[in-house]
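*Asks:* My structure is below; once you've seen it, I'll send some questions.
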Amino acid sequence: MNLFNNRLPSVAASAVPDDGFLLDVRENDEWQAGHAPDAVHIPLSELNGRAGEVPNDRDVYVICRAGSRSAQAVAAFNNAGWTTSNVD
């Protein structure tokens, strides 16, 4: 568990809707080791410059390997007006 979980919206992986926008913020080596088939990959280190690729008119579910980077992304997106949840 990471320190953000108590303050950020989160969902179980099994609760992500089939048509949900799943954003994976793992770095490239972790992505290559395994990821959800329908996830969109934008490494956290590139997210600031690529945020426009993430829809802001629907819910976004953010995932990484351990949860810390996805929590950082959720906090930043939600502070900027997106509706995002951290995938546990």
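The values are calculated or read from the model by the stated rules, or taken from the named source; none is laboratory data. On a predicted model such as this, the values are computed, not experimentally measured, just so you know. Here the Cβ positions follow ideal geometry from the backbone for every residue, glycine too, while neighbour counts run over all protein chains shown. Areas reflect the complete protein model, heavy atoms only, side chains present, ligands, DNA and RNA absent. Shrake-Rupley method; radii C 1.70, N 1.55, O 1.52, S 1.80 Å.
*Asks:* When the dipole is taken about the Cα centre of the chain, and only Lys, Arg (+1) and Asp, Glu (-1) are charged at their Cβ, what size is it in debye, to the nearest 20? Mind dumping the intermediate values first?
*Replies:* Working: 6 positive and 12 negative charges, 69 e Å.
That gives the chain a dipole magnitude of about 340 debye.
*Asks:* Hey, could you get me the Stokes-Einstein D for segment 1-63, Kirkwood radius over alpha-carbon pairs, 10 °C and 1.306 mPa s, rounded to whole µm² s⁻¹? Can you show the working numbers first?
*Replies:* On the way: Rh = 12.8 Å.
Once the numbers are plugged in, D ends up at 124 µm²/s.
*Asks:* Moving on to the next point. What FRET efficiency comes out for Arg58 versus Ala13 if R0 is 22 angstrom and r is the Cβ-Cβ distance? Round to the nearest 0.05. If you can, show how the numbers build up before the last one.
*Replies:* Working: r = 18 Å, r/R0 = 0.84.
So the FRET efficiency works out to roughly 0.75.
*Asks:* Rounded to a whole number of µm²/s, how large is the Stokes-Einstein D of segment 42-88 at 4 °C and 1.567 mPa s, given Rh as the Kirkwood radius over C-alpha pairs?
*Replies:* 123 µm²/s
*Asks:* Related question: Could you derive backbone 3J(HN,Hα) for segment 83-88 from the dihedral phi with the Karplus parameters 6.51, -1.76 and 1.60 (θ = phi - 60°), listing whole Hz in sequence and x where the residue is Gly or Pro?
*Replies:* After applying 6.51 cos²θ - 1.76 cosθ + 1.60, I find 10, 10, 9, 7, 8, 6 Hz.
*Asks:* Run the accessible area of the chain with a 1.4 Å probe and give the carbon-and-sulfur part as a rounded percent.
*Replies:* Here carbon and sulfur together make up 46 percent of the probe-accessible area.
*Asks:* Continuing with the same structure: Averaged per residue, what accessible surface does the chain expose to a 1.4 Å probe, in Å²?
*Replies:* 58 Å²
*Asks:* For the chain, what is the mean residue ellipticity at 222 nm derived from helices alone (per DSSP H run of n ≥ 4: -39500 (n - 2.57); sum divided by total residues; nearest 500 deg cm²/dmol)?
*Replies:* Dividing the helical sum by the residues of the chain leaves -6500 deg cm²/dmol.
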